[in-house]
Amino acid sequence: MRSTGSAEEAWYDDDAGPVARPYTMTGGRTAPTGDQFDLISLVVARRGVTPPTPLFPEQARIVELCHDPVSVAEVGAELDLPLGTVRVLLGDLLTAGLIEKHDPPMLSEVPTKDLLEAILVGLRAL
């Protein structure tokens with residue numbers, strides 16, 4: 001839609017980006033309250049839980065995406081939002097009890113050279 005210059009006419013198109021800026025979705029917060037989310041942390045929606053308050057569209061979309069376990073990075077890519085914003089929204093959903101977070105296991109020791117070489121061979125085979 002093109003603007004004719006009138007002050008009352010809004011001009012929006014697909015290339016303009018989101019109408020609401022990410023900081024408005026998070027109330028200006030830049031970090032989640034409570035738990036932190038790694039890019040490879042898995043999040044999954046809790047079944048049968050009703051939200052205590054109405055969800056923002058982005059939060060509802062996250063809950064929908066998380067019916068099966070999905071990584072934080074995948075949520076961000078699917079929503080096309082900055083990861084900081086996604087982490088804050090996930091933190092709010094976690095606090096509300098609507099999702100669960102599963103962190104990847106931490107390596108207790110440094111991987112061996114043989115293991116790294118095997119991984120490299122497997123990646124090259126893809």
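The values are calculated or read from the model by the stated rules, or taken from the named source; none is laboratory data. Predicted model only: the values in this text are computed from it and were never measured. Cβ atoms come from the backbone with ideal geometry, glycine included; neighbour counts cover every protein chain shown. Accessible surface areas use protein heavy atoms only, side chains included; no ligands, DNA or RNA. Shrake-Rupley method; radii C 1.70, N 1.55, O 1.52, S 1.80 Å.
Odds and ends about this structure:
- Applying 1/(1 + (r/R0)^6) with R0 = 35 Å to the Cβ-Cβ distance of Ala60 and Ala125 gives a FRET efficiency near 0.30.
- Each residue of segment 116-122 was assigned a 3J(HN,Hα) from its phi angle through the Karplus expression (A = 6.51, B = -1.76, C = 1.60, θ = phi - 60°), giving 4, 5, 5, 5, 4, 4, x Hz with x at Gly and Pro.
- Counting only protein heavy atoms and using a 1.4 Å probe, the accessible area of Glu100 comes to about 70 Å².
- Thr53 versus Leu116: modelled label distance in nm, points set 7 Å from Cα along the beta carbon direction: 4.8 nm
- In sequence order, segment 68-77 has phi-based couplings of 10, x, 9, 7, 4, 4, 5, 4, x, 5 Hz under the Karplus curve 6.51 cos²θ - 1.76 cosθ + 1.60, θ = phi - 60°, and Gly or Pro positions carry x.
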